[in-house]
1. Quick one: count up the residues across segment B:382-415 that are in a loop (DSSP other than H, G, I, E, B), under 22 Å from B:MET347 (Cα atoms) and open to solvent by 60 Å² or more (accessible area, probe 1.4 Å).
2. Take segment B:156-174 and flag every residue that is out of contact with any His (no Cβ under 7 Å at 6 or more places or on another chain) and either assigned to a loop (DSSP other than H, G, I, E, B) or among the aliphatic types (A, V, I, L, M) (or both).
3. For segment B:20-55, what are the residues that are at the interface with another protein chain (Cβ under 7 Å from one of its Cβ atoms), part of a helix (DSSP H, G or I), in contact with a helix residue (DSSP H, G or I) (Cβ under 7 Å, 6 or more places away or on another chain) and closer than 17 Å to A:VAL22 by Cβ?
4. Output the residues belonging to segment B:65-109 that are farther than 26 Å from A:THR70 by Cα and away from chain A (no Cβ under 12 Å).
5. Can A:ALA131 be described as assigned to a helix (DSSP H, G or I), without any contact (Cβ under 8 Å) to a residue 40 or more places away in the chain and open to solvent by less than 20 Å² (accessible area, probe 1.4 Å)?
6. Within the set of pairs 6 or more residues apart or between chains, which connect a residue that is within 22 Å of A:ARG244 (Cα to Cα) inside segment B:108-119 to a residue that is modelled with pLDDT under 95 and assigned to a strand (DSSP E or B) with Cβ atoms less than 8 Å apart?
7. Kindly indicate the residue of segment B:173-193 that is in contact with a helix residue (DSSP H, G or I) (Cβ under 7 Å, 6 or more places away or on another chain) and not hydrophobic (A, V, I, L, M, F, W, C) and also farthest from the other protein chains (Cβ to nearest Cβ) among those meeting that condition.
8. Report, by residue number, each residue of segment B:346-364 that is touching a residue at least 40 places away in the same chain (Cβ under 8 Å) and under 19 Å from A:PRO40 (Cβ atoms).
Protein chains: 2
Amino acid sequence: MRAYAELSPSPRSIMTPGPVEVDPRVLRALSYPILGQFDPEFTALMNDTMEMLRLVFRTDNRWAYPVDGTSRSGIEAALTSLIEPGDKVLVPIYGRFGHLLHEIAERCGAEVVTLEQAWGRVFDPADIADAIRRERPQLVAVVHGETSTGRVQPLDGIGAACRETDALLVVDAVATLGGMPVETDAWQLDAVVGGSQKCLSVPSGMAPITYNARAEAKILARKRVERGLRVPGMANLEPAEGRRFIQSNYLDLAQLQDYWSAARLNHHTEMTCMLYGLREGLRIALQEGLEARWARHRRHEAALVAGLEAMGMRLFGDSSCKMAVVTCVEIPEGIDGESVRAMLLSMFGIEIANSFGPLKGRIWRIGTMGYSCRRDNVLRLLGAFEAVLARHGASVKTGAAVQAALDVYEAGEIE
Amino acid sequence: MRAYAELSPSPRSIMTPGPVEVDPRVLRALSYPILGQFDPEFTALMNDTMEMLRLVFRTDNRWAYPVDGTSRSGIEAALTSLIEPGDKVLVPIYGRFGHLLHEIAERCGAEVVTLEQAWGRVFDPADIADAIRRERPQLVAVVHGETSTGRVQPLDGIGAACRETDALLVVDAVATLGGMPVETDAWQLDAVVGGSQKCLSVPSGMAPITYNARAEAKILARKRVERGLRVPGMANLEPAEGRRFIQSNYLDLAQLQDYWSAARLNHHTEMTCMLYGLREGLRIALQEGLEARWARHRRHEAALVAGLEAMGMRLFGDSSCKMAVVTCVEIPEGIDGESVRAMLLSMFGIEIANSFGPLKGRIWRIGTMGYSCRRDNVLRLLGAFEAVLARHGASVKTGAAVQAALDVYEAGEIE
């Protein structure tokens with residue numbers, strides 16, 4: 001066989017909207033020797049993780065735990081567990097990940113009604129609330145922070161409209177959890193899915209999720225106990241009369257919550273090292289404090305934006321709904337965006353992102369998330385970006401960007 | 001908030017049928033800083049992993065890659081991608097994980113026909129082949145190594161019967177891959193799912209999978225390009241006439257293979273650190289050599305069995321189909337099996353497993369898998385097990401077990 005090289009990844013500043021750099025404390029946690037999945041020491045770590053997730057999601061929900069897969073596994077777990085075939089589902093779409101919600105809901109057998117908004121803008125939340133009252137869907141699925149366009153959708157009033165019409169509200173907060181406010185209980189969100197590899201700075205591999213009693217009631221009505229685990233006398237082996245069992249076994253929240261409960265009913269084998277990493281990432285976030293963490297993300301955004309504007313770059317999208325953790329930059333006329341990205345990566349070790357669909361080739365996306373959201377990263381990126389743009393013949397004001405960012409940092413209350 | 005303790009897991013000898021101890025080289029690989037998912041350095045590591053998986057699965061299949069989830073995510077990915085609602089599926093069941101195949105196939109909308117065998121035995125493969133010719137299912141799903149009972153199902157002739165009747169053969173080799181022969185091509189298996197946390201000694205979190213052109217043809221007929229990734233002029237946006245799209249997005253092999261192809265069509269965010277770990281685990285397995293690795297598992301099994309028998313313990317199940325990597329021991333009359341397990345764990349730091357369903361409370365299961373399959377582990381377990389059994393008042397011959405195992409090790413060709 002051919003010899004496969006010793007693993008030796010190059011150092012990178014990862015300034016994309018995820019995955020981003022991982023805190024060294026998390027990297028170290030990943031490398032601890034494993035424990036068995038039902039070892040009392042390990043189940044105690046699982047319980048710690050649930051408690052910390054409740055704090056990060058700002059909820060008193062009983063259920064808050066990771067789904068064992070990447071972020072979209074959490075989204076699919078929520079949708080496949082909460083959508084019965086034939087359910088009407090309303091999806092407001094303002095970027096790529098809204099289309100993903102539409103896609104997944106259809107695969108769950110939903111009759112999907114969409115609202116569409118131009119990429120770069122968001123909805124007036126009152127318009128979504130009106131649509132809920134008009135369409136009366138069983139479920140509403142909406143993206144909170146849309147990384148494809150760098151926009152954040154205000155959610156006020158949407159939860160109330162869902163309660164009024166008896167709809168469930170599922171929110172994709174993959175890109176915002178840990179970097180921007182996500183108020184599960186205050187905003188009346190019924191199920192929320194976060195991401196590990198974005199503002200929490202844990203590697204991709206787990207999808208934190210929370211859901212309330214309204215969501216749980218629907219899940220339990222559809223619960224089916226797995227063949228091979230049924231024992232005589234066990235209650236509720238099959239879904240309630242007229243209800244359809246959840247079409248996935250792996251992403252079945254009824255089974256996952258039994259696994260995460262004191263009963264520890266066997267399901268998958270929990271991802272030991274990823275759980276170590278998520279737990280450590282949550283510890284770090286809570287030690288910093290959520291409000292302080294959100295403020296940190298806003299400060300580095302301010303420095304980045306000041307630098308980009310001083311350079312003469314144009315930011316993409318409606319500024320009133322810009323995500324603090326993603327900054328979209330228009331690619332100047334005549335410049336090859338992929339060539340700029342490749343040079344940043346190969347010569348400077350800095351990664352930024354392109355975008356999707358209608359924005360492909362039109363914008364770059366710069367992430368300032370989690371452990372990557374640091375002064376040294378912002379300053380080095382600005383200097384490198386300016387140099388690479390100049391090297392590509394772009395009309396760029398030189399020497400101003402880093403100074404503008406330093407001005408922001410020195411103006412105060414910046415770490 | 002309350003202070004969550006610094007991570008500090010106790011040392012463990014994990015002698016269960018998975019998860020098992022992880023090679024320190026893999027633990028170290030997990031802790032390397034991450035690369036972006038489309039960074040050329042990272043995609044090169046993904047390609048290495050595909051090449052090595054082909055070697056470990058003993059196949060020339062184009063497709064061999066990990067599904068991002070625990071082992072059952074790989075099983076569900078295979079079944080949900082290959083079963084269309086209404087398909088007839090044949091599942092021979094001889095333990096808990098056969099019931100799981102039945103369960104998942106039903107959730108995919110299959111009409112499931114089962115064969116059942118007593119726990120502790122396996123099928124004559126000719127009986128399975130006869131059932132295939134009689135029932136003419138679209139798909140046959142069978143467990144190769146059934147850890148719940150410690151048995152291995154011979155597969156000879158089953159692949160041929162499937163080709164003859166145009167059925168697809170899906171094999172759950174979660175517990176055998178890397179520890180016992182799994183011959184994907186020679187045995188004419190259409191799709192095979194392995195496990196990371198068993199004989200490959202990587203933490204739980206990825207499910208290696210391979211499938212051939214017969215399986216791929218069915219997947220492609222059902223392919224649907226994700227909304228949000230569709231671009232003008234793209235071919236085959238929807239399944240072929242009369243075919244039903246795959247009901248999962250996350251576990252859709254049509255999308256996963258595009259992500260793992262040179263096109264790198266965006267899907268999930270690959271689990272960076274887990275991929276590092278899997279790649280290192282595969283490197284270790286191939287450096288040892290598969291045949292040498294299988295032989296190592298047989299040798300330590302021989303020492304363990306000699307020790308247990310010298311102690312006077314009775315092994316469970318038909319010895320002609322015993323898995324080399326799992327040894328099932330009958331719990332003596334009047335002994336509390338869970339108390340024995342708890343004492344082994346708390347006083348000796350050694351973990352063994354209980355079992356499920358009809359075998360719950362009747363047997364212990366001892367794994368000798370991957371990095372846990374070592375002489376020091378076998379010898380320490382035998383000494384500790386004897387002491388704990390004596391402490392529980394079991395009638396056990398003392399002083400003989402470790403000597404018997406040492407005899408096996410000293411008899412030759414044992415490392």
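1. Number of matching residues: 4.
2. Listed by number, the residues that qualify are B:ASP156, B:GLY157, B:ILE158, B:ALA160, B:ALA161, B:ASP166, B:ALA167, B:LEU168, B:LEU169, B:VAL170, B:VAL174.
3. B:ALA29, B:LEU30
4. Answer for segment B:65-109, where residues must be farther than 26 Å from A:THR70 by Cα and away from chain A (no Cβ under 12 Å): B:GLY86, B:ASP87, B:LYS88, B:VAL89, B:LEU90, B:PRO92.
5. So A:ALA131 does not fit the description; no.
6. Filtered contacts from segment B:108-119: no entries.
7. Filtering segment B:173-193 for residues that are in contact with a helix residue (DSSP H, G or I) (Cβ under 7 Å, 6 or more places away or on another chain) and not hydrophobic (A, V, I, L, M, F, W, C), the one farthest from the other protein chains (Cβ to nearest Cβ) comes out as B:GLN188.
8. So in segment B:346-364, the residues touching a residue at least 40 places away in the same chain (Cβ under 8 Å) come out as B:347-353, B:355-359, B:362-363.
Matches in segment B:346-364: B:MET347, B:PHE348, B:GLY349, B:ILE350, B:GLU351, B:ILE352, B:ALA353.
The values are calculated or read from the model by the stated rules, or taken from the named source; none is laboratory data. The model shown is predicted, which means the values in this text are computed figures rather than measured ones. In this analysis, Cβ positions are derived from the backbone assuming ideal geometry, glycine residues included, and neighbour counts consider all displayed protein chains. For accessibility, only protein heavy atoms count, side chains too; no ligands or nucleic acids. Shrake-Rupley method; radii C 1.70, N 1.55, O 1.52, S 1.80 Å.
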